[in-house]
Amino acid sequence: MKLFSKYNRVNIIVTIIVLLLSAVLYYFFLEAALIHQLDKNLFIEENEINDFIKENKELPEPTNTKDEQEFYTLYHQTIARNISSIDVYNKKEKEYTTYRQLEFPVTANGKIYKADVRKSQEEAEDMVQLILKITLAVVLILLITLFIINRFVLNKLWKPFNATLQQIKQFDISGKKEVQLQKTNITEFTELNTAVHLMTKKANRDYNEIKNFTENASHEIQTPLAIIQSKIELLSQSENLKEEQMNMIQTISETTNRLSKLNQSLLLLTKIDNRQFEQNSVVNLSFFIQKNINNYEELIHAKEITLTKNIQPDVTITMNETLAETLIINLLTNAIKHNVENGSIHFDLNKTSLFICNTGNIPNVDTAVYFERFKKDSDTAESLGLGLSIVKKICDIYNFNISYNFYKKLHCIKINF
């Protein structure tokens, strides 16, 4: 969920809860205030009745209107003073009416009476309902206003942030184009833009330095390795060499070749990591697989490996041509190198996936680690442990789904395009 949407949702929900609770409390406080005012009016009526009795030595005439009623009942003993709300049935209206009633004792002509003074609560309740409706209308208008503000005003305020985020998404560390950040008068977004600009500038500089160092180091390492290899070949052609010396020269030559391959593989991985294979084209995988099978045909026959294939013609995919061939070569050499005598290799290619299986020894480790650099079986010391790592890296670049499984004595790698 986007920050704007989450903020908008939380803000609206909290506002609704607060306003509704406030409206409920406001309703009860208002109702209590209006009833308190009715009680004061009843007390005034009580005082007026008592003043009339003192002055006239008799009870005033009782009243009986819709909004106000007075009754006097003869009592033989003093009663308690009480105030309460009661419902009185109106025969004319055929409905109950709520009154606020004050009961108090009065004495006139030596006799004790109970005086009941009532005032209708309908007006107070109508006023409370009217005020409540007005309050709810104000709350609704306020919510609509908040929604509009959050929808349009805040969206406009967050526009520089969204623009910066879009530039970050489009940022290419291998490109020479700097990010173009939108100017804003909001301090936080200005600081964000400054930090992003410095970060991308430093990332580009570090990338170029690492790229140049990798290329230079690889070139400088490869040159002395080539010289060492040529000297070893000359030395091996010398006369009067003992068998022990020849074995040592052979070991040095194999180690030098291994070091050269390691240097080339690490350089290739670095170039892949640095996105130096950006140029894509439509690649015919069927052609590449068949071509490399032909190139490795002698090695396959030498190990007496049975090769079967089910390759659909003209299966194409959009990717870098060099990486496509590297992918096929590494898969094929891995299947040959880690195979057994009189083993088998099976290729299956269709428009959605590439499937390659080969016989081999039972894995000594979890097959998932084979995609990590320098991870390999302890029995395959001649392997650099980089072949499948290169394959995995290429698949990651193009969002191919790759999996490795071992079942029925077969090592199987599947790539879904």
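The values are calculated or read from the model by the stated rules, or taken from the named source; none is laboratory data. Note that this is a predicted model, so its numbers are computed, not measured. All Cβ positions, even for glycine, are placed from backbone atoms using ideal geometry, and neighbour counts span all protein chains on display.
Of all residues in region 359-417, exactly one satisfies the criterion of being at pLDDT 85 or above, under 20 Å from ILE305 (Cα atoms) and polar (S, T, N, Q), namely THR359. Against the numbered list (1) closer than 25 Å to LEU25 by Cβ; (2) touching a residue at least 60 places away in the same chain (Cβ under 8 Å); (3) in contact with a strand residue (DSSP E or B) (Cβ under 9 Å, 6 or more places away or on another chain), VAL128 comes up short only at (3).
The criterion of being farther than 30 Å from ILE17 by Cα, loosely packed, with under 11 Cβ neighbours inside 10 Å and free of Cβ contacts under 8 Å to residues at least 12 places away in the same chain does not hold for ASN162.
Within region 58-89, the set of residues being modelled with pLDDT of 75 or more and basic (Lys, Arg) comprises just one member, ARG81. Selection within region 36-84: residues that are among the β-branched types (Val, Ile, Thr) and assigned to a helix (DSSP H, G or I). The member of this set that is farthest from the chain's Cα centre (by Cα) is ILE53. Filter region 286-313 down to the residues that are charged (D, E, K, R) and out of contact with any Leu (no Cβ under 9 Å at 6 or more places or on another chain), then identify the one that is surrounded by the fewest Cβ atoms within 10 Å (Cβ to Cβ). Residue satisfying both the conditions and the ranking: GLU298. Taking (1) among the polar types (S, T, N, Q); (2) surrounded by fewer than 16 Cβ atoms within 10 Å (Cβ to Cβ); (3) modelled with pLDDT of 85 or more in turn, ASN280 satisfies each apart from (3). Each residue in region 311-360 was checked for being of a type in the set (S, T, N, Q) and in a helix (DSSP H, G or I), and 5 pass. Would you call LEU19 surrounded by 15 or more Cβ atoms within 10 Å (Cβ to Cβ), under 45 Å from the mean Cα position of the chain (by Cα), within 30 Å of LEU142 (Cβ to Cβ) and in the same structural domain as ASN109 (by TED's automatic domain parsing)? Yes. Among the residues of region 154-167, is there at least one that is assigned to a loop (DSSP other than H, G, I, E, B) and touching a Lys or Arg at 6+ places or on another chain (Cβ under 8 Å)? Scanning region 154-167 turns up no residue that is assigned to a loop (DSSP other than H, G, I, E, B) and touching a Lys or Arg at 6+ places or on another chain (Cβ under 8 Å). Going through region 211-241 one residue at a time, which ones are out of contact with any helix residue (DSSP H, G or I) (no Cβ under 8 Å at 6 or more places or on another chain) and of a type in the set (Val, Ile, Thr)? Hits for region 211-241 are THR223, ILE227.
Contact map, region 168-189: residues that are part of a helix (DSSP H, G or I) paired with residues that are at pLDDT 75 or above, Cβ distance under 6 Å, separation 6+ or inter-chain. Pairs shown: PHE189/PRO160; PHE189/PHE161. Is it true that GLU103 is in contact with an Asp or Glu (Cβ under 6 Å, 6 or more places away or on another chain), touching a residue at least 12 places away in the same chain (Cβ under 8 Å) and not hydrophobic (A, V, I, L, M, F, W, C)? It is true that GLU103 is in contact with an Asp or Glu (Cβ under 6 Å, 6 or more places away or on another chain), touching a residue at least 12 places away in the same chain (Cβ under 8 Å) and not hydrophobic (A, V, I, L, M, F, W, C). Kindly evaluate ASN109 against the criterion of being free of Cβ contacts under 8 Å to residues at least 40 places away in the same chain and farther than 29 Å from THR15 by Cα. So ASN109 fails the test.
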